[in-house]
Amino acid sequence: MRIGFGYDSHVFDDSAGRPLMLGGVRVPDSPGLKAHSDGDVLIHALIDALFGAAALGDIGAHFPDTDERWKGADSAKLLENAALEVNNAGYRLSNVDATVICERPKLRPHVDAIRRRLAGLLGVGVDRVSVKGKTNEKMDDVGAGKGIVVHAAVLLEETAPE
Ligand code: MG
């Protein structure tokens, strides 16, 4: 078994009128996040956790933000791609546990949709995907509502060699 941990943070971009994407789900009534890609901070943390568990580097090495191919990229596609690479390296995803920290928007109404979407992208049952929302108790910039931070842990199992 292999454990992986990922972290990401993005600030809100109130001016751009872009949607907030979290775990491949469009969350209504919130500004989007500043980013080269679609700014899906949850998926980015998850991709780093997957690559980290398999010791395959990080999201920046696989999908560099200097590469025009990834400009405005759909992070859901990147996650599918990352999961496939990890599978091809000889691992199966056991489970995911992620914590999303922000003062806004309220995540609880969206958590189950996000879990279902991530499970679909990862090719696992929804019972293997946990997403938890928290606030930062008004502390620091995240607590001031300036952005979103995500911590993600994954467990991989080695698949039997052929
Ligand atoms: Mg990111």
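Any idea how many Lys pairs in the range 2-158 come in under 15 angstrom at the alpha carbon, given 8 or more places apart or on separate chains?
Lysine pairs satisfying the spacing and distance rule in the range 2-158 number 8.
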Quiz item: In the range 2-158, what percentage of the DSSP-assigned beta bridges are antiparallel, given to the nearest 5?
Solution: 80
Exercise. Using Cα centres only, tell me the gap between the range 117-162 and the range 71-98 in whole Å.
Key: 12
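Counting each DSSP H run of 4 or more residues in the chain as -39500 (n - 2.57), what helix-only mean residue ellipticity at 222 nm follows after dividing by all residues, to the nearest 500 deg cm²/dmol?
When only DSSP H runs of four or more count, the value is -8500 deg cm²/dmol.
Return the Rg/Rh value of the range 2-158, two decimal places, where both radii are evaluated on C-alpha atoms and Rh is the Kirkwood radius.
Using Cα coordinates only, the ratio equals 0.95.
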Exercise. Figure the gain on full extension for Ser15 and Ala144 (residue separation times 0.36 nm, minus the Cα-Cα span) and round it to one decimal in nm.
Key: 44.7 nm
Quiz item: For the range 2-158, what is the relative contact order in percent, using Cα pairs closer than 8 Å and at least 6 residues apart in sequence?
Solution: 33
Practice problem: Please sort 16-29, 123-136 by packing, taking for each peptide the average over its residues of neighbouring beta carbons within 10 angstrom, highest first. | Solution: 16-29, 123-136
Quiz item: R0 = 22 Å: FRET efficiency of Asp67 with Ala89, Cβ-based, nearest 0.05?
Solution: 0.50
Quiz item: At a Förster distance of 35 Å, what's the computed FRET efficiency of Glu80 paired with Ala55, Cβ-Cβ distance as r, to 0.05?
Solution: 0.95
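Quick note: the coordinates plus some simple rules give every number you see, no bench work behind them. Quick caveat: nothing in here was measured; it's all calculated off a predicted structure. With ideal geometry, Cβ positions are generated from the backbone for all residues, glycine too; neighbour counts draw on all protein chains shown.
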